[in-house]
Amino acid sequence: MTSLDTLARSAAEAVHESVADLTVSAAPAGAAAAAAAGWRMVRYAAVGAVAGAAVVATLIVVAPDKEIVMDEPIVTTTVAAPSTTTVPVTTMPPVTTTMPPVATTVPAPVEELPVVPAVGAPPSTTTTTAADTTPPVLTVNSPSNGEHFETDVVRFAGITEPGAKVTASGKFAANVSADGGWVIDLVLAPGANGVVFSAADAAGNTSQARLTVYLDVPKETTTTTKAEKGWEFIAFQKYGLCSEPIPYDEFSGTGKPGSTINVTSSYGSGSTTVSEDGTFWLRVEFPEAPHGKYFTVKVKDEFGNKKVFEFVSNYSP
């Protein structure tokens, strides 16, 4: 049994004893006596309420010949028992808070925004010009390839791209008109003359054209006899230039019959013997000759007589 139950039971017994001790007189004692008895009951009820029980008592005293009713109800006061409950206190361990390191963020570089044209402004356009890689046109209209001449000065003419430059044999410049027509006068050597023409435009593109023409030299004839005139050293060069991979030239003339004729140069040489009729002919190759460069060729006999010529290789691989 709890303390609260014990208190409630004591309160009930006290009420019972108070009622048992109350003596109600047979004769009406009046409203004052009834009120006193009623307030006594309230006192006991308050005591029982302290113990935990709420008691409401209304004392009605009935007289033998008359019902007495209390004008005002007895006020019941409820008193709450003091709490004796003990709440255990739990001791919390100290909380240690570790703050994370503050990261330092380096701001990213500000991106440069594109320039926006003003409203109504025309959009910008970029024009890209393709590089010129086309070689210029180059033609030789005259003379024709393989043509023969009896005069040593010959005019060459043709067509090229307007604004291009035309050269012959790498060193002689032609006259180029505004419409691309060009002309140049060249001096031919006896025999075959190989000529290489080159055209170069403003972008550095080049093209070539080549042809071979001939200068015919009539052979000297003599009707004199040995008894009448004797012999004389004479030498001729037939070509003076060549466009073959291995350039060559031909030399001829007269000399003392049976004597030796030598042909010498820095890039080739040869020798022959004068025939009984006092003439000679010799073909000499120049396998080491540089292309486009003139060099000297000497023809001489064994007596110190000599003739000097020039030769150039126009071969273009």
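The values are calculated or read from the model by the stated rules, or taken from the named source; none is laboratory data. A quick note: this is a predicted structure, and the numbers were derived from the prediction, not measured. Neighbour counts are summed over all protein chains in view; Cβ atoms, including those assigned to glycine, are modelled from backbone coordinates with ideal geometry.
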Any residue at all in the range 249-261 that's crowded, with 21+ Cβ neighbours inside 10 Å, of a type in the set (Phe, Trp, Tyr) and either not assigned by TED's automatic domain parsing to the domain that holds Asn145 or not in a strand (DSSP E or B) (or both)?
yes
For residues that are buried (at least 21 other Cβ atoms within 10 Å of the Cβ) and either assigned to a loop (DSSP other than H, G, I, E, B) or among the polar types (S, T, N, Q) (or both), tally how many sit in the range 305-317.
1
Quick check on my filter: what residues within the range 284-304 are surrounded by 13 or more Cβ atoms within 10 Å (Cβ to Cβ) and assigned to a strand (DSSP E or B)?
Val284, Glu285, His291, Phe295, Val297, Lys298, Val299, Lys300, Asp301
Number of positions in the range 150-179 that are in contact (Cβ under 8 Å) with a residue 24 or more places away in the chain, part of a strand (DSSP E or B) and closer than 21 Å to Tyr294 by Cβ:
6
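Based on this model, can you work out whether Val183 counts as of a type outside the set (Asp, Glu) and at pLDDT 90 or above? Spell out how you get there, then give the answer.
Details: of a type outside the set (Asp, Glu): yes; at pLDDT 90 or above: yes.
So Val183 passes the test.
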Could you look through the range 234-248, keep only residues that are in a loop (DSSP other than H, G, I, E, B) and buried (at least 22 other Cβ atoms within 10 Å of the Cβ), and pick out the one that is modelled with the highest pLDDT?
Pro247
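So, of the residues in the range 202-218 that are in a loop (DSSP other than H, G, I, E, B) and touching a strand residue (DSSP E or B) at 6+ places or on another chain (Cβ under 8 Å), which turns out to be modelled with the highest pLDDT? Talk me through it step by step, then tell me what you get.
Step one: filter the range 202-218 for residues in a loop (DSSP other than H, G, I, E, B), giving 202-205, 216-218.
Checking which are touching a strand residue (DSSP E or B) at 6+ places or on another chain (Cβ under 8 Å) leaves us with 216-217.
On the way: Asp216: 86, Val217: 75.
Taking the candidates together, the pick is Asp216.
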Residue check, Ala199 in the same structural domain as Pro162 (by TED's automatic domain parsing), at pLDDT below 90, within 60 Å of the chain's Cα centre (by Cα) and not in a loop (DSSP other than H, G, I, E, B)
no
